[in-house]
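Reading through the structure tokens given below for one structure.
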Amino acid sequence: MRPADPLQPESLARDRQLATDTPVICIIYNRPRLARKLVDRLRQIKPGRILIVADGPKPGDDDDVQACAQVRAEFKRIDWDCSIDRDYTQSNL
């Protein structure tokens, strides 16, 4: 028998209390589409505390600058009551 997918709504509902009490760390960079999907999943479980760690764009790479900005903008869509700590670097480490 195949295990249940932990990202399906029924699994998320079952684990909602654990999820809201467990801090979540998001390590992000330059993938806006994946960031949108992550925020959408986080919205389903509504964690009470989120730490967002973001590497900065590569110097001189305008596409990377734009992608990193789009990713960070996705996390501004968090609209539920929670504590958010951000650690964003301005350049690529």
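Values quoted throughout were computed directly from the atomic coordinates according to the rules given, and no laboratory measurement underlies them. Quantities reported herein were computed from a predicted structural model and do not represent experimental measurements.
Here are a few things to note about the model shown:
- Candidate cross-link partners of Lys58 among the lysines, defined by an alpha-carbon separation under 21 Å and a same-chain spacing of 8 or more, are absent.
- Couplings for the range 73-79, taken from phi via the Karplus curve 6.51 cos²θ - 1.76 cosθ + 1.60 with θ = phi - 60°, read 5, 4, 6, 6, 7, 5, 10 Hz in order; Gly and Pro are left as x.
- Kirkwood Rh and Cα Rg combined as Rg/Rh, the range 22-93: 0.99
- Amide hydrogen neighbours beyond the local backbone of Arg49, cut-off 5 Å, H modeled: Val24, Ser83
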